[in-house]
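What follows is calculated from the coordinates using simple rules that are stated; it is not laboratory data. Just so it is clear, the structure is predicted and the values come from calculations on it, not from any experiment. All Cβ positions, even for glycine, are placed from backbone atoms using ideal geometry, and neighbour counts span all protein chains on display.
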Amino acid sequence: MADQASNPGHIAEPTPAIEARGVSRRFGDKLALDDVSLAVSRGQIHALLGPNGAGKTTLLRTFLGLIEPSSGRAAVMGVDSVGSPVALRRLIGFVPAGDRSFYLRLSGLENLIFFGRLHGMPRRRAKERALEVLETVGLADAARKSVSVYSHGMQKRLGLARALLIDPAALFVDEATHDLDPEAADNCRNLVSALAARGTAVVWTTQRVDEVRGFADRVTLLAQGRVRFTGTVPELMAHALPRRYLLHLQNGGLSGEGARGVLSHALGGLGSIFTTAEDSDHYLLALREDAPLGDALAKLREAGFQLIGCRDERSGVEEAFLALTRDEEPA
């Protein structure tokens, strides 16, 4: 086989910023990870999705060099997770799920200076960098306040600031938003998106299945330690059932099954509608993936029905998540 030098037309594939190849990990008789592979490019947000006990945190700890795989290989920027702890720490930022890893009596600035010094920074540079990242995460005004008075969301942002101290090539985020209010969770995702836009490779673990839409570039779904799916969010949603909505409709003369025929005809090819056991005025609307809800509701109104209420039964991403994790065998 000709090598690259003798084949000038050959373009080498770029080395993934974060890569797992056939990683398995046993804890006694329990197989926590079973032949897991994934690759994350620079500037990419890769969501690691799965229920409790799926193996997400175990895989993260393997990348961080905290757990040695039973078999396979994990690497960051080509540096093996086993045997190169110093080189690995220079590449990685980590945001843990909990927020109990700070000294509460110290200020946010003092905490970051301390962690900067642990990374080998001179004190002056550690302070400069701490102030920079506190500004980045919106904590400049609270920099000199004791962490004990920080809200939960502020401590999460401080955790992200700590991960950014070394300007990491790879960022690992473990369940960052599971206990945050919607605004704080959105702020956290926006900060991570901005980092990815500057070239940082991100692995983001979550159980909040709907947050990957519009945020993650790719998704790997784990269940019982095995990869059930890897691909884009639209590809994940292809595994979902049609979008479903519970409608409360009223018509002066029609209800129940009698109304369903009229409604189905009005919808045309946009979807299907079914009666429910709840009562004669409630219907389940199943839309095609590309069908706008507004168009469907307009057709139902044109058919003489008044819309009293509309409730999203379950998101497409959540449907896909359940479809891929309820089976025992990988998809």
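Between S41 and V262, what's the calculated FRET efficiency when r is the beta-carbon distance and R0 is 41 Å? Round to 0.05.
Working: r = 51 Å, r/R0 = 1.25.
The pair S41/V262 has a calculated efficiency of 0.20.
Which residues' amide hydrogens lie under 5 Å from the amide hydrogen of L171, considering only partners 5 or more residues apart or on another chain, with H built in the peptide plane?
When sequence neighbours closer than 5 places are left aside, the close amide H contacts are G93, A201, V202, V203.
Post the alpha-carbon centroid distance, region 26-54 to region 141-215, in whole angstrom.
Result: 20 Å between the Cα centres.
Can you classify region 42-188 as rounded, prolate or oblate using the Cα gyration tensor, where a ≥ b ≥ c are the square roots of its eigenvalues, rounded means a/c under 1.5, and otherwise it's prolate if a/b beats b/c and oblate if not?
Taking the square roots of the gyration eigenvalues as a ≥ b ≥ c, region 42-188 is oblate.
Quick one: grab the alpha carbon gyration tensor of region 116-181, order the square roots of its eigenvalues as a ≥ b ≥ c, and give me rounded if a/c is under 1.5, else prolate or oblate depending on whether a/b is larger than b/c.
Working: a/c = 2.24, a/b = 1.29, b/c = 1.74.
The shape class here is oblate.
Subtract the Cα-Cα distance of D167 and A87 from 0.36 nm times their separation in residues, and report this length gain in nm to one decimal.
Roughly 27.4 nm would be gained on extension.
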